[in-house]
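Peer 1: Below: one structure in structure tokens.
Throughout, read-outs are computed from the coordinates displayed, never taken from laboratory work. Values in this document were obtained by computation on a predicted structure and should not be read as measured data. Every residue, glycine among them, receives a Cβ derived from its backbone with ideal geometry; neighbour counts consider all protein chains shown.
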């Protein structure tokens, strides 16, 4: 009997493969018979796509190519047992996606369905004898996915920065972007409205969204879910060595609905064999939280750095946020503050309720200009004046340094650039531009020893000699990681080099901490670097669909830092962001984020708007009340909320405490009844803290409901309520 397709199952999930090509035709969650592969594109690769450095893209052979050349036919082998199964597909040669011509690259990929597990295990082995570097491959590379009957109900969760959420990704990724242009001083910004959008791939006609790990991609997983169907697809890689990789989502738009999901790998294989790590595709009933739970469990199984000295000082963990001053010396040379102003600026911060300053533009030639000339700018005062100003301020001060850039204008840094800059495949340094058109920067390689030493020495100088007790490393976890083709930087042969290079920098910095510890912050979010840092700046205002809950739930012990934007007097940011001021502030409070409050004279300040400034101080006081009494808690998103909020637009998040539960809520004026999980045998006591009375708790009534208790929140717009076993503060 002729078999057109071959099946393998473990009773929980199953797969069907094309008997001739080995291409996956079905991937099914058996309990609801949901096959996630709804559409097959003839021109697409599946489940593997390979990219050579010369631009050729390869895939397994399809019917027509196999008919022309029978030697291209894969060998498909299945092993089916009672409650587990395995498939292996061996492709003698892959073919060029445009011409169909065979190329001397072979592939063997396997799919395992283990006993009692909804997680499908995928691996691929590539052998390259094409005479050209096999630079990148996508595996598993799956297309035409949606859940249930209606693709418009799908939601895509990607860990872009701290995370984002795309509703109806088929439509959203393929939509025409809407943009605004915004000028601030030397900078000309472009901001998108709506989205997140994909980028049109003119070669293949799809819209793609891909982000690299580490860099824009803070974790290496994504989830596609359908809330109505209560079904999700989770894709990840067991990337034990934390190498550079990527995640990719793509769509052909509403005319051909569905999305493609893929993991990107960087074999950088000149010749010979390469084996992927195990990749996991999980089909399951539930939402994105279960995927996050799996990723957290795997990541913790690798161990997190055991630090001899604290990188999260007690003062930092009790602090609600910082005041950021980028208005010392701007890129164009303009000076707003000098070192002698620091004590007065610190008093302004205290007036807000904050005790942590961040100083930028303090160095030679100022912000986005003098990198990495990290000595005090003579235009602002002397080194001793800076040192004395920090002593007089008497609080906590961080300095900005850039972890990536070296200005090309400095001839005295030529040797540093020559030895430490990223080199592309043609042997040329990678150059980037920020702000002024005539200022260009070499992108420095994280794996270069001279650059690692420069950053380490700078931090030691600022903390030991100048007196800072915290540091901020810009771009470290935000800017994309790069392949570097200098052999002594390791990257071209070891794509773990970029991530491991920054890990080496952070390790060396931590070794030089004073005994009381330094609060170490960096831009972006990264599950690689977070364990050895104090806070991660995620800047959700810039990213449409931002969903910081994704990272915060996956790694609740890590502190996210988020930028606040005043509703007026915000020349630094466009008007549409200013209009989100309250939402950004309230979400940051409910998610438990560290507040990054700019205070730039004339350009970005809450102090010029009396009502906004008063509200900001109230929110800071309420957060301080929370931290003083209960600490950060363990973020559980809304998993301890029994019923969704009945008030549209409200935010309700929960945190587990050692002996209870904390719920933070932002809502419109008016009372609201919320329903909280309580599984302990002893009935709880409740305390309520509001904007109006952050240090005078009320005792709200509790109403028993199945699984927990209902509590009615008062008319106040922002509050937190605590349920605990015994008498609480």
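Peer 1: By DSSP, what percent of the beta bridges with both residues in the range 529-663 are antiparallel, rounded to the nearest 5? Please list the in-between numbers first.
Peer 2: Numbers: 7 of 13 bridges.
Of those bridges, close to 55 percent are antiparallel.
Peer 1: Let me ask another. Specify the angular offset, from 0 to 90 degrees and rounded to the nearest 10, of the alpha carbon long axis of helix 288-301 from the longest principal axis of the alpha carbons in the chain.
Peer 2: The two axes meet at around 90 degrees.
Peer 1: Between the range 241-314 and the range 510-578, what is the separation of their alpha carbon centroids in Å?
Peer 2: Using only Cα atoms to place each centre, the spacing works out to 21 Å.
Peer 1: At a 10 angstrom cut-off on C-beta neighbours, averaged per residue, how do the peptides 503-510, 61-68 rank from highest to lowest?
Peer 2: Averaged packing, sorted descending, gives the order 503-510, 61-68.
Peer 1: If you don't mind, another one. Going by alpha carbons, how many degrees (0 to 90, nearest 10) lie between the helix axis of 383-393 and the longest principal axis of the chain?
Peer 2: Taking Cα atoms only, the helix is inclined about 80 degrees.
Peer 1: Where the centroid of each part is defined by its Cα atoms, how far is the range 359-393 from the range 600-639 in Å?
Peer 2: 28 Å
Peer 1: Helix 342-352 against the longest principal axis of the chain: what's the angle in degrees, Cα atoms only, rounded to the nearest 10?
Peer 2: Computed tilt is about 80 degrees.
Peer 1: Just subtract the alpha-carbon distance of residue 153 and residue 33 from 0.36 nm times their residue separation and send over the number in nm, one decimal.
Peer 2: Extending this stretch completely gives an extra 41.4 nm.
Peer 1: Right, here's the next one. What is the extension gain from residue 81 to residue 300, computed as 0.36 nm multiplied by their sequence separation minus the C-alpha to C-alpha distance, in nm to one decimal?
Peer 2: Result: 75.7 nm gained on full extension.
Peer 1: First measure r as the distance between the Cβ atoms of residue 638 and residue 415, then evaluate 1/(1 + (r/R0)^6) with R0 = 35 Å and state the FRET efficiency to the nearest 0.05.
Peer 2: Calculated transfer efficiency: 0.05.
Peer 1: Still on this structure: Could I have the simple spin-label model distance between residue 432 and residue 575, label points 7 Å from Cα toward Cβ, reported in nm to one decimal?
Peer 2: The modelled label-to-label distance comes out at 3.1 nm.
Peer 1: Using 0.36 nm per residue of separation minus the Cα-Cα distance, give me the extension gain between residue 461 and residue 610 in nm, one decimal. Intermediate values should be presented prior to the final figure.
Peer 2: On the way: separation 149, 0.36 × 149 = 53.64 nm, distance 3.92 nm.
Once the chain is fully extended between residue 461 and residue 610, it gains 49.7 nm.
Peer 1: For the pair residue 104/residue 382, report the inter-label distance in nm, with labels modelled 7 Å from Cα in the Cβ direction.
Peer 2: Each label point is offset 7 Å from its Cα along the Cβ direction, giving 7.0 nm.
Peer 1: Zone of residue 627 (label point 7 Å along Cα→Cβ, backbone N under 17 Å): which residues in the range 349-365?
Peer 2: What the label zone holds, given the 17 Å backbone N cut-off, is 349-359.
Peer 1: Evaluate E = 1/(1 + (r/R0)^6) for residue 9 and residue 129, where r is the Cβ-Cβ distance and R0 equals 41 Å; express this FRET efficiency to the nearest 0.05. Walk me through the numbers before you get to the answer.
Peer 2: Details: r = 36 Å, r/R0 = 0.88.
E between residue 9 and residue 129, to the nearest 0.05, is 0.70.
Peer 1: Name the shape class, rounded, prolate or oblate, that the alpha-carbon gyration tensor gives for the chain, where a ≥ b ≥ c are the square roots of its eigenvalues, rounded holds for a/c under 1.5, and otherwise prolate holds if a/b is larger than b/c and oblate otherwise.
Peer 2: Values: a/c = 2.05, a/b = 1.29, b/c = 1.59.
Oblate, because a/c is 1.5 or more while a/b does not exceed b/c.
Peer 1: Also: For the ranges 563-571, 213-221, 186-194, what's the packing order if you count other beta-carbon atoms within 10 Å of each residue, average per peptide, and put the highest first?
Peer 2: Details: 563-571: 19.8, 213-221: 26.9, 186-194: 13.2.
Sorting 563-571, 213-221, 186-194 by mean packing, highest first, produces 213-221, 563-571, 186-194.
Peer 1: Roughly how many nanometres apart are two label points built 7 Å out from the Cα toward the Cβ at residue 408 and residue 340?
Peer 2: 3.9 nm
Peer 1: Could you grab the relative contact order for the chain? Cα pairs under 8 Å, six or more apart, rounded to a whole percent. All intermediate terms of the calculation are to be shown ahead of the outcome.
Peer 2: Numbers: 1781 pairs, mean separation 71.7, N = 729.
Result for the chain is 10 percent.
Peer 1: Specify the inter-centroid distance of the range 56-105 and the range 399-448, based on alpha-carbon positions, in whole Å.
Peer 2: 44 Å
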